[in-house]
1. Taking the options GLU76, GLU112, name whichever one is among the charged types (D, E, K, R) and modelled with pLDDT under 95.
2. Within region 31-49, count every residue that is in contact (Cβ under 8 Å) with a residue 24 or more places away in the chain and not in a loop (DSSP other than H, G, I, E, B).
3. How about region 1-21: which of its residues are in contact with a strand residue (DSSP E or B) (Cβ under 9 Å, 6 or more places away or on another chain), outside any loop (DSSP other than H, G, I, E, B) and open to solvent by 10 Å² or more (accessible area, probe 1.4 Å)?
4. Hey, VAL87 hits all of (1) buried (at least 17 other Cβ atoms within 10 Å of the Cβ); (2) modelled with pLDDT under 95 but one; which does it fall short on?
5. Does region 48-84 hold any residues that are open to solvent by 10 Å² or more (accessible area, probe 1.4 Å) and closer than 14 Å to PHE128 by Cα, and which are they?
6. Might you check whether a residue that is among the hydroxyl-bearing types (Ser, Thr, Tyr), surrounded by 15 or more Cβ atoms within 10 Å (Cβ to Cβ) and in contact with a Phe, Trp or Tyr (Cβ under 8 Å, 6 or more places away or on another chain) occurs anywhere in region 97-106?
7. Pairs needed: first member in region 62-84, farther than 26 Å from GLY35 by Cα; second member anywhere, hydrophobic (A, V, I, L, M, F, W, C) and outside any loop (DSSP other than H, G, I, E, B); C-beta distance under 9 Å; at least 6 residues apart or different chains.
Amino acid sequence: MNQPATPEAAAADLIGRSAWGARQGHGSFLDLQFGPAREADPKRGAFHLWIYQCAWRIEHGAELGAGSEDSHDRIEAALARLNGRAVTAITLQRPSLSTTFEFGDSRLITFETATDPADDHAEQWLLFRPDDLVLGVGPGSAWQLSPADQA
């Protein structure tokens with residue numbers, strides 16, 4: 001496997017793809033699907049973005065849609081506004097790798113909360129890709145692209 005030079009390069013295929021099936025998972029976890037549904041699991045897209053061990057917020061223009069500690073109803077309403085919208089940019093801030101996923105004038109922004117690279121289950125987010133590789137971002141400035149069966 002040829003490792004991309006940056007996490008932005010590993011996530012670049014998400015740009016231009018529209019979100020669907022955006023929903024709140026357990027606690028403040030978020031699931032967003034992109035691309036065609038997987039044959040083996042039609043509830044999952046070819047790309048599956050899992051916002052995991054981090055704080056986050058969703059903004060729509062100048063409006064705050066929801067934050068990771070908001071009510072389920074507010075989160076679901078903010079997520080619904082991302083469905084059908086294409087990712088237009090992905091920006092990672094260094095050194096924390098806090099990430100902004102842009103959907104035109106809407107944004108999903110993650111905030112690093114764990115910084116210990118020894119904690120192998122503290123990724124801010126995971127991007128499951130159609131090539132059976134998973135991009136894990138975090139904790140801290142750590143990131144890796146690895147086979148899905150090792151994520």
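The values are calculated or read from the model by the stated rules, or taken from the named source; none is laboratory data. Not measured: the values here are computed from a predicted model. Every residue, glycine as well, gets a Cβ built from its backbone with ideal geometry; the counts of neighbours run over all protein chains shown. Only protein heavy atoms, including side chains, enter the accessible area calculation; ligands, DNA and RNA are left aside. Shrake-Rupley method; radii C 1.70, N 1.55, O 1.52, S 1.80 Å.
1. On the way: GLU76 fails: modelled with pLDDT under 95.
Checking each option against the conditions leaves just GLU112.
2. 8
3. Within region 1-21, the first condition is being in contact with a strand residue (DSSP E or B) (Cβ under 9 Å, 6 or more places away or on another chain), and the residues that meet it are 1, 3-4, 6-8, 10-21.
Now drop any that are not outside any loop (DSSP other than H, G, I, E, B), which leaves 7-8, 10-14, 18-21.
GLU8, ALA12, ASP13, SER18, TRP20, GLY21 - these are the residues of region 1-21 that are in contact with a strand residue (DSSP E or B) (Cβ under 9 Å, 6 or more places away or on another chain), outside any loop (DSSP other than H, G, I, E, B) and open to solvent by 10 Å² or more (accessible area, probe 1.4 Å).
4. Result: VAL87 fails condition (2) only.
5. If the condition is that a residue be open to solvent by 10 Å² or more (accessible area, probe 1.4 Å) and closer than 14 Å to PHE128 by Cα, then HIS48, TRP50, TYR52 are the ones that fit.
6. yes
7. Hits for this filter: LEU64/ILE58; LEU64/ALA78; GLU69/ALA55; ASP70/ALA78.
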